[in-house]
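Here the structure is laid out as structure tokens; the discussion comes afterwards.
The values are calculated or read from the model by the stated rules, or taken from the named source; none is laboratory data. Computed from a predicted model, the values in this text were never measured in an experiment. Backbone-built Cβ (ideal geometry, glycine too); neighbour counts: all protein chains shown.
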Amino acid sequence: MAKKEEAKETKEPVKEAHKKEAPKKEAKETKKEAPQEAKKEKKEDKKEDKKHEGKGEEHAKKERKGAPKEAKKEAPAAKEAGPEIKHIVRIADTDLDGKRSVQYALTGITGISRRVAKIITVNSGLDPIATIGYLNDADIEKLQSSVDNISTILPTWMMNKQNDILTGDDRQVLGTDVMLSRNEDINLMKKVRSYKGVRHERGLRVRGQRTRSTGRKGRTVGVSRASIGAAQAAAKEGEKKEEKKAGAK
């Protein structure tokens, strides 16, 4: 009996040893399998990266698992808008460039020079250097009223229509009236048959300019060799005819 009990005791520690060794083997096997699975996942990731090489970075990032999502870009804050510029300002039935200064924009009206424009702006109480497109409607009305009453603002020696023949008044002509008044004056000189009117009719220089070397019109200017040769040939033929007539007599 004592022998049987000793044999049982010896068997039991052997079984316990086998049980302890078993979980160690399983842990080793799991450790071996884990790196193999990690290697497989890495290979699969590399294959996916190769597939997405030509599709762009954004497309590849979307398909990758666990990739962080990009935050939406915020739109830039809008700048505070200042007063809008008027690109076209209408004064005296003409369209003026709104990007120019008041002094130089008014020169777009026919009959207003730079000096006259500066006098108009000062009379209106505005800055000649200010941009005309940023002016208020009230300021534009001031300019319009001073342009309408320009004959009362300018001195007589600056006006472009002094001592009118019909009325005898001194006034400043603007816009299309400049061309109409000029044509009327030329027609009147032609009717009177004055020297200037005759020169206008013939299309010649009116103010005493040189006409020998300048202001020449036509296809050919000067003397050509062909015309000289033709004149010489005609002269020779005339001489021959005279000789024949003399011989016949």
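Considered as a group, the residues in the stretch 167-193 that are touching a helix residue (DSSP H, G or I) at 6+ places or on another chain (Cβ under 9 Å) and among the hydrophobic types (A, V, I, L, M, F, W, C) include one that is surrounded by the fewest Cβ atoms within 10 Å (Cβ to Cβ), and that residue is L188.
On the stretch given as the stretch 131-165, residues that are out of contact with any His (no Cβ under 9 Å at 6 or more places or on another chain) and in a helix (DSSP H, G or I) total 21. Could you check, for the stretch 176-183, whether at least one of its residues is within 40 Å of the chain's Cα centre (by Cα), modelled with pLDDT under 95 and on the phi > 0 side of the Ramachandran plot? No, that holds for no residue. Within the stretch 205-215, the presence of at least one residue that is surrounded by 10 or more Cβ atoms within 10 Å (Cβ to Cβ), under 30 Å from G111 (Cβ atoms) and modelled with pLDDT of 85 or more is confirmed. Just one of the numbered conditions (1) among the basic types (K, R); (2) buried (at least 17 other Cβ atoms within 10 Å of the Cβ); (3) at pLDDT 95 or above is not true of K196: (2).
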